[in-house]
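The values are calculated or read from the model by the stated rules, or taken from the named source; none is laboratory data. Keep in mind the model is a prediction, meaning the values are calculated, not measured. In this analysis, Cβ positions are derived from the backbone assuming ideal geometry, glycine residues included, and neighbour counts consider all displayed protein chains.
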Amino acid sequence: MAGKDNVVYDYCGTVYCHCPRTNKRREMAFGGFEKDRATLKYRCPARHYG
């Protein structure tokens with residue numbers, strides 16, 4: 001993702017977010033499918049789960 005240094009993925013395609021405060025790696029939450037762009041959406045776990 002352009003402009004997002006804390007988002008990474010591994011060789012299996014799992015998307016992770018590194019917390020800027022604690023530097024903990026958390027798996028991003030699946031946010032659905034965007035039909036217009038034919039892409040999968042992922043959301044920050046802190047925002048998605050509260």
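Observations, loosely collected:
- Taken over the chain, the criterion of being modelled with pLDDT of 90 or more and basic (Lys, Arg) is satisfied by Lys35, Arg37.
- Residues of region 21-50 that are assigned to a loop (DSSP other than H, G, I, E, B) and more than 11 Å from Val7 (Cβ to Cβ): Arg21, Thr22, Asn23, Lys24, Lys35, Asp36, Arg37, Ala38, Gly50.
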